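The block underneath contains the structure these notes are about, expressed in structure tokens.
Just so you know, all these numbers are worked out from the coordinates, no wet-lab data involved. Worth saying up front: this structure is predicted, and the values here are computed from it rather than measured. When we count neighbours, we look across all protein chains shown, and the Cβ atoms used for this are built from the backbone with ideal geometry, even at glycine.
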Amino acid sequence: MTGLLRGEWTKFRTVRGWVLGMALAVLITVLLGVFTASGSHSSCSGPEGDVCPALPVGPEGLAVNDRFSFAHQPLAGDGSVTARVASLTGIITYPPPDHDKIVPGVVPWAKAGIMIKESVRPGSAYAAMMLTGGHGARMQHNYEHDVAGSREARWLRLTRSGDTITGAESADGTHWTTVSTVRLTGLQKNALMGLFVASPCDLTVTQGDLGGTIGKCRLTQATAVFDHVSLAGNPWTYDDLGGHTGAPALSQGTFRESGGTFTMSGSGDVGPYGIEGGQIVERTLSGAYTGLIVVIVVAVMFITAEYRRGLIRTTLLASPRRGRVLVAKSLVIGVVTFVVGLIAAVIAVPLCSRILRANGNQLLPVSTSTELRVVAGTAALLAVAAVLALAIGALIRRSAVAVITAIAVIVVPHVLTTASVLPAELSQWLLRVTPAAAFAIQQSIPEYSQVEGHYVPQMGYYPLAPWAGFAVLCAYALLALGLAVLLLRRRDA
Amino acid sequence: MEANIEVSGLRKRFGPVLALDGMTFTVTPGHVTGFVGPNGAGKSTTMRVILGLDAADEGRALIGGQPYRTLRRPLSQVGTLLDAAALQPSRTGRNHLLWLAHSQGLTAGRVDAVVELVGLGSAARRKAGGYSLGMRQRLGVAAALLGDPPVLMLDEPFNGLDPEGIVWMRGFLRSLAAEGRAVLVSSHLMSELQDTAGHVVVVGRGRVVADASVAELIAAASGDRVRLRTTARPEAMTVLADAGATVAVTDRDTLTVAGLAAERVVALLTTHGVPFSEVAGHRATLEEAYMELTRDAVEFRADGAR
């Protein structure tokens, strides 16, 4: 097998066109990324001129929303707060069907409840028990984490013990159930404890002109009435966190106390930030789709050129065990493409990120492991796609037909689904069942169930989890390769 | 490994065409074995079955007692030239040999040695797409010799060679056989093998028509015929035909006489006063022997074509 591998590697590197093709794939991937990044400008008109304010970054390194109404008191050390949410009402601006009125209503993820938060600094650690507009009681912490409680609860309690926070709920104020216990690592001794209200924008999705969908999010406000608040006697500090003067009146929160009853209104959200809020790291690799086409052509030619010239017989004479020939070819083209993809990604990601930032774009931060997954995953995606293309070439044996077939099954579904020309359901279905599902491995910002979002492929959200999508491509590659081996064994050469 | 090729009872059908119909022969070391037959007689198919490229419906083909597909590092056991045009045009001749060498665990040194051996010289570093047919044949022979194998199989190696190349190829094949290798060379032209092959396997319609040494074949084809040179052709034909001989006109002043011994011919002509300048026992060429043997096969094909 080592001889066979060495032979196939020599075969690959001694055809200048193939080597140049792979170099071209790197060049295209990087250059297209640079063009895209250079064309993306972003500016804001705000108090700091046309520089956009930095997005808050949560304790886990992700960009977060930290915009809500917060009435709080200092909490020194351990302690507990209890409150009842007597009512949760709200206002939704210009909802469907006509988008012409401001109506009363509460969006499903409007939140009202109690919170322990490290400080009023945007992005600081927190844990909260809340009632929501449509998803019952929840315990959430540090923006990303969400645990469901019951739908009947009205009473909420948070207890701090060191850096452990326990959230509990009750329907009647006497029988309590723990929803979750979470840890806020490194939570300082002097934290804030209080009441909060948030109301994320109202997402409406409409049909686009070309078949895709357009999502629009309109301002909402929620108003909660709290009573039976355990900290009632102490002085309160009110903050409209993340708000700024000059914003629409409805987006600005209010806080009123009257005889142990607190009425608070607020807008915004406290939770993870979605793709729509900034530039994502995978956008620096948008050239990889075109690079992939070049890789497919080279991978297909690596086998069909042998059929065209009758060289396949020489190959089979040198290595009569036919299955191994295809396996060796796959390994060579796979490893070569992986290295090529890795070089392209390692250049494109930092380079294009710099250009994006220089153009005033907010690049959504991701964890190192996510960035590694995007970079290595892109290389792996190209590699496995090359193996699939090679297997298709071995099955079809004719260069042009095989190249077209490979592009049609790998690249075309991705273009169609992300270009906003297909209905969202069809796009999602295609990205589950075609090899293009593998592009999910590039998705750096996940879909959050606790955030209403326009989670469609055109926005950069894939229906399958990153590795699951990649596994779909791997399955196709294995299947095609298995079939090709079977046929090569059976047919006369 | 024993240097021989054994083919027994090969049958293969391509749709309605029976390409191989009980093909059986053995190739032994030490001399060049010609594998001859008209186009379509099954030579290439037989070679491809021996090499494991095509599967036979029946029968078996062994090289040194083993099926080709089970050979480890097969190029060190069997050297093959099937289709000299089977090259990636953008790869140099040397690199073509290099990947073959690497696939067998051989080194670049061996590549340079065979390039030298076949006289490819500096052309080896040029792209194979620009090679003449003769250069491709030389490259193909170099590839066959890469693993220094005891068995060689060459399909139509004379195709496209210029006269100088043909002379070179003949000498080269003879010397390879003289080193103790089993060398099987196919051709559709017996004349190409005239001074090369020591043994000939003649095939037609997918089976062996004759399997003999060259000397035996020529003797059989020569028969008891007499070649007669005379200026009085009509008279000579009358006299000899009356005596019971079969007379054929070979050219303007020669006749081929069958059925009478040379002494009888001389006596008859002298008696009847027919002048002649030469009477000789006829010795057939390998080509004539071959034509005789394959006539049936060719005729059958012509019938079939109608």
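Descending by average beta-carbon neighbour count within 10 Å, the peptides A:340-350, A:407-417, A:12-22 line up as A:340-350, A:407-417, A:12-22, the highest first. Under Stokes-Einstein, with the Kirkwood radius over Cα pairs as Rh, the value for the range B:5-214 at 37 °C and 0.692 mPa s is 190 µm²/s. Rounded to the nearest 10 degrees, what's the angle between the helix B:262-271 long axis and the longest principal axis of chain B, both from Cα atoms, 0 to 90? The angle comes out near 30 degrees. Where the centre of each part is set by its Cα atoms, how far does the range A:335-409 sit from the range B:220-267, in angstrom? Centre-to-centre (Cα) distance: 84 Å. What does the C-alpha gyration tensor say about the overall shape of the range B:133-198? Classify as rounded when a/c is under 1.5, otherwise prolate if a/b is larger than b/c, or oblate. Oblate, since a/c reaches 1.5 and b/c is not below a/b. Simple rule: put +1 on each Lys or Arg Cβ and -1 on each Asp or Glu Cβ in chain B, find the dipole, and look at B:220, B:5, B:15; the Cα lying farthest toward the positive end is B:15.
Peptide B:84-90 has a mean shielding of 5, counted as Cβ atoms of other protein chains within 10 Å of each residue's Cβ.
The loop-placed trypsin sites (Lys or Arg not before Pro) in the range A:145-221, going by DSSP, that have at most 15 neighbouring Cβ atoms within 10 Å of their Cβ come out as A:151, A:189. Residues whose amide H comes within less than 5 Å of that of residue A:239, counting only those at least five positions distant or on another chain, are A:70, A:71, A:72 (H built at 1.01 Å from N in the peptide plane). Applying the Karplus relation 6.51 cos²θ - 1.76 cosθ + 1.60 with θ = phi - 60° to the range A:378-394 yields 3J(HN,Hα) values of 5, 4, 5, 4, 4, 5, 5, 4, 5, 5, 4, 4, 4, 5, 4, x, 5 Hz, where x marks Gly and Pro. Estimated purely from DSSP H runs of n ≥ 4, each contributing -39500 (n - 2.57), the mean residue ellipticity at 222 nm for chain B is -11000 deg cm²/dmol once divided by its residues. At full extension, residue A:177 and residue A:147 could sit 9.5 nm farther apart than now, given 0.36 nm per residue minus the alpha carbon distance. Multiplying the residue separation of residue A:102 and residue A:486 by 0.36 nm and subtracting their alpha-carbon distance yields 131.7 nm.
Note down the magnitude of the dipole of the protein assembly as shown about its Cα centre, charges +1 on Lys and Arg C-beta and -1 on Asp and Glu C-beta and zero elsewhere, to the nearest 20 debye.
On the way: 69 positive and 62 negative charges, 213 e Å.
Dipole magnitude for the protein assembly as shown comes out near 1020 debye.
By the compact-protein rule of thumb, 2.2 N^0.38 Å, the alpha-carbon radius of gyration of the range A:61-163 corresponds to a ratio of 1.20.
Compute for the protein assembly as shown: radius of gyration divided by Kirkwood radius, i.e. Rg/Rh, restricted to C-alpha atoms, rounded to two decimals.
Values: Rg = 43.1 Å, Rh = 33.5 Å.
So for the protein assembly as shown, dividing Rg by the Kirkwood Rh gives 1.28.
The C-alpha atoms of chain B define a longest principal axis, and helix B:108-117 lies at about 20 degrees to it. Inter-chain neighbour count for A:305-313: the average number of beta-carbon atoms from partner chains within 10 Å of each residue's beta-carbon is 4. The largest-to-smallest principal axis extents of the Cα set in the range A:145-284 are 56, 33, 32 Å. By the Stokes-Einstein formula, at 1.306 mPa s and 10 °C, the range B:192-277 with its Kirkwood radius over alpha-carbon pairs has D equal to 107 µm²/s.
Within the listed set B:150, B:74, B:38, the residue fluctuating most in the Gaussian network model of chain B (springs between alpha-carbon atoms under 10 angstrom) is B:74. Partners of residue A:329 within straight-line reach, counting aspartates and glutamates whose Cα lies under 16 Å from its Cα and excluding those fewer than 8 residues away in the same chain: A:8, A:306.
Across all Cα atoms of the range A:253-410, the radius of gyration (one decimal) and Dmax (whole number) stand at 24.7, 94 Å. Placing unit charges on each Cβ (+1 for Lys and Arg, -1 for Asp and Glu) gives the range B:5-214 a dipole about its Cα centre, and among B:139, B:128, B:67 the Cα reaching farthest toward its positive end belongs to B:128. Compared with the dominant Cα axis of chain A, that is its longest principal axis, helix A:399-410 is turned about 10°.
Projecting the Cα atoms of B:104, A:187, A:453 onto the charge dipole of the protein assembly as shown, computed from C-beta unit charges around the Cα centre, puts B:104 farthest toward the positive end. Considering only DSSP beta bridges whose two residues both sit in the range B:5-214, what percent are antiparallel, to the nearest 5? Of all bridge pairs located within the range B:5-214, approximately 55 percent are antiparallel. In sequence order, the range A:440-453 has phi-based couplings of 4, 5, 8, 5, 8, 10, x, 7, 10, 5, 8, 10, 5, x Hz under the Karplus curve 6.51 cos²θ - 1.76 cosθ + 1.60, θ = phi - 60°, and Gly or Pro positions carry x. Return the whole-Å distance between the Cα centroid of the range B:36-51 and the Cα centroid of the range A:291-314. One Cα centre to the other: 29 Å.
Once backbone amide H atoms are built at 1.01 Å from N, residue A:94 has A:101, A:102, A:103 as its partners under 5 Å, excluding neighbours fewer than 5 places away on the same chain. Shown for the protein assembly as shown: cysteine residues without a partner Cβ closer than 4.7 Å, namely A:352, A:474.
Restricting attention to the range A:66-116, which trypsin sites (Lys or Arg not before Pro) occupy a DSSP loop and are surrounded by at most 11 other Cβ atoms within 10 Å? Walk me through the intermediate numbers first.
On the way: sites: A:67, A:84, A:101, A:111; in loops: A:67, A:101.
Hits after loop and neighbour filter: A:101.
Of all lysines in the structure, the ones whose alpha carbon falls short of 19 Å from that of residue B:43, not counting any fewer than 8 places away in one chain, are B:12. Among B:228, A:364, a tally of other beta-carbon atoms within 10 Å of each Cβ gives an order, fewest to most, of A:364, B:228.
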